[in-house]
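Participant: Below you'll find the structure I mean.
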Amino acid sequence: MSDEKNFQFLAENSVDIICRSNMDRVLNYVSPSSFQILGWRPEEMTGRPVEDFILDEDCPVLAAAIASHKRGVMLRMLKKDGSTVWMENRATLVCDSASGEPKEWVVTMRDITERKAHEQQLSELALTDSLTGLSNRRAFDEALEREWKRTLREGSQISLLLLDIDRFKEFNDQYGHQVGDDCLRTVAAAVRGAVRATDVVARYGGEEIAAILFSADTFGAVEAAESVRAAVAGLRITHEGNPQGAGLVTVSVGAATALARQGGTMRMPESLLLAADTALYKAKQGGRNRVATALLVASKNNS
């Protein structure tokens, strides 16, 4: 069997899509499995550049791979019905046997949608607190670092809430740890519902919950903190060991806002965390079930 016939036999019996294209990436052969995976018949794909079948926002991924001579790339391809599928594309450059000049690309396209979904699920689990369903400390740290860098670039502001369930040790001692876990889950859901959907809410540690408020100024931070405090008090969960909260579960909230401005000297985001923690301490010392605030000015050149 000739090399060409051997290629044809393997390609037409492969569960992956096998393509051949010229150096301009115009497809001149597509194996039959394209119909099962993408809904496109081979004759509908041939004669067209491969970019026609790649999600627009992923075309730069392909261009970067080609520029760096990378042979494997993962990107989203368009199915005929308009939906997308994750594909792992592996390209082999074929050169002319006589001249040695590049002649064509042979590309194997493998459907990895299920694998990507599994990876995404694992990634989300790794960044999620198993008890409350909020972001965990690792996700919080990554988000705070990322958003602080954006705040510096934009010369804007960022706010952070740090809250603690009042007298939670006494709650656990009186009602038991199972009820305590249920309480923490319920409070976490209330906090999540009291801030914007775009804000990151995380279990900071123990009964402490933190919320990163993107671009929020001091007024926005105080407003969010009061909404959180009121939402938790509104749950009306009995807590006889919390007299300052009228026998109900309440939270104390520290709200800190950092402004990225020329001339500021504070180190971030560490100082923002410290300020929120100090404000939380003030709220507790002030009688609990209340909000205390702090304001910082950080250098725009500080990262």
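Participant: Summing -39500 (n - 2.57) over the DSSP H runs of n ≥ 4 in the chain and dividing by its residue number, what mean residue ellipticity at 222 nm do you reach, to the nearest 500 deg cm²/dmol?
Facilitator: Details: 10 runs with 119 residues, N = 303.
The helix-only estimate for the chain comes to -12000 deg cm²/dmol at 222 nm.
Participant: What ranking, highest mean first, results for peptides 4-10, 175-181, 287-293 when packing means the other Cβ atoms within 10 Å averaged over each residue?
Facilitator: My ranking of the peptides, most packed first, is 287-293, 175-181, 4-10.
Participant: Around LYS79, which amide H atoms from residues at least 5 apart in sequence, or from another chain, sit under 5 Å from its own amide H, with H modelled in the peptide plane?
Facilitator: THR84, VAL85
Participant: Further question on the same structure: Can you give me the three principal axis dimensions of the stretch 148-303 from its C-alpha atoms, in Å, biggest first?
Facilitator: In descending order, the Cα extents are 51, 30, 23 Å.
Participant: Once phi is turned into ³J(HN,Hα) by the Karplus curve 6.51 cos²θ - 1.76 cosθ + 1.60 with θ = phi - 60°, what whole-Hz value does each residue of the stretch 64-75 show in order, with x for glycine and proline?
Facilitator: Along the stretch 64-75, the couplings run 5, 5, 5, 5, 9, 6, 7, 8, x, 8, 10, 7 Hz.
Participant: Just how much of MET23 is accessible, in Å², when a 1.4 Å probe is used and the result is rounded to the nearest 10?
Facilitator: We get 70 Å² for MET23.
Participant: Excluding residues fewer than 8 places away in the same chain, name every one of the lysines whose C-alpha is closer than 23 Å to that of LYS5.
Facilitator: Cα-Cα hits under 23 Å: LYS103.
Participant: Mind checking which of VAL222, VAL232, VAL30 has the largest fluctuation in a GNM of the chain, springs on alpha carbons under 10 Å?
Facilitator: Largest GNM mean-square fluctuation: VAL30.
Participant: Match the structure shown to one of the listed values (i) 27, 33, 28, 11, 0; (ii) 30, 48, 20, 2; (iii) 35, 61, 4 of P(r) over Cα pairs in 20 Å bins from 0, in percent, computed from it, and give that label.
Facilitator: (i)
Participant: Put a dot 7 Å past each Cα toward the Cβ at GLU57 and GLN178; how far apart are the dots in nm?
Facilitator: Placing both labels 7 Å along Cα→Cβ, they lie 4.5 nm apart.
Participant: Would you please name the trypsin sites (Lys or Arg not before Pro) within the stretch 61-141 that are DSSP coil residues with at most 16 other C-beta atoms within 10 Å of their C-beta? Don't jump to the answer; show the numbers that get you there.
Facilitator: Numbers: sites: LYS70, ARG71, ARG76, LYS79, LYS80, ARG90, LYS103, ARG110, ARG115, LYS116, ARG137, ARG138; in loops: LYS70, ARG71, LYS79, LYS80.
Here the trypsin sites (Lys or Arg not before Pro) that fit, given the DSSP loop and packing criteria, are LYS70, ARG71, LYS79, LYS80.
Participant: With θ taken as phi - 60° and the coefficients 6.51, -1.76 and 1.60, list the Karplus ³J(HN,Hα) couplings across the stretch 253-258 in order, rounded to whole Hz; mark glycine and proline as x.
Facilitator: Calculated HN-Hα couplings, in order: 10, x, 10, 10, 10, 10 Hz.
Participant: Hey, another quick one. Kindly sort ASP96, ASP173 by accessible area of their heavy atoms, largest first, with the probe set to 1.4 Å.
Facilitator: ASP173, ASP96
Participant: Quick one: helix 218-233 against the long Cα principal axis of the chain, what's the angle to the nearest 10°, folded into 0 to 90?
Facilitator: Between helix and principal axis, roughly 80 degrees.
The values are calculated or read from the model by the stated rules, or taken from the named source; none is laboratory data. Values in this document were obtained by computation on a predicted structure and should not be read as measured data. So basically every Cβ, Gly included, is an ideal-geometry build from the backbone, and we count neighbours across all protein chains shown. The protein model used for the area step is the full one, side chains on, heavy atoms only, and it has no ligands, DNA or RNA in it. Shrake-Rupley method; radii C 1.70, N 1.55, O 1.52, S 1.80 Å.
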